[in-house]
């Protein structure tokens, strides 16, 4: 018979949820009329990152998050700037 073994890790498990096209007041925990009970529960028990730079389209925002670098815009295109 096989038995599952669970190994405890000192490192935390991190889940990051990034939502495109969502306004500040589009979630219940910001006082919206839109009901978002699952997001509200996650926000109540986790960490909310609410002070950050975003881009007007999703690609650069995701690039900033994944690379840790600021995205600069020039004539409708973007590139990663090596800042810091």
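The values are calculated or read from the model by the stated rules, or taken from the named source; none is laboratory data. A quick note: this is a predicted structure, and the numbers were derived from the prediction, not measured. Virtual Cβ from ideal backbone geometry, glycine too; neighbours counted across all protein chains shown.
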Residue 54 vs (1) surrounded by 12 or more Cβ atoms within 10 Å (Cβ to Cβ); (2) in a loop (DSSP other than H, G, I, E, B); (3) modelled with pLDDT of 85 or more: all pass except (3)
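Suppose we filter 68, 59 for residues that are under 16 Å from the mean Cα position of the chain (by Cα), within 27 Å of residue 13 (Cα to Cα), surrounded by 11 or more Cβ atoms within 10 Å (Cβ to Cβ) and modelled with pLDDT of 70 or more; which single one remains?
Answer to the selection: 59.
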If you scan region 24-35, which residues turn out to be assigned to a loop (DSSP other than H, G, I, E, B) and surrounded by 10 or more Cβ atoms within 10 Å (Cβ to Cβ)? 25, 26, 27, 32, 34, 35
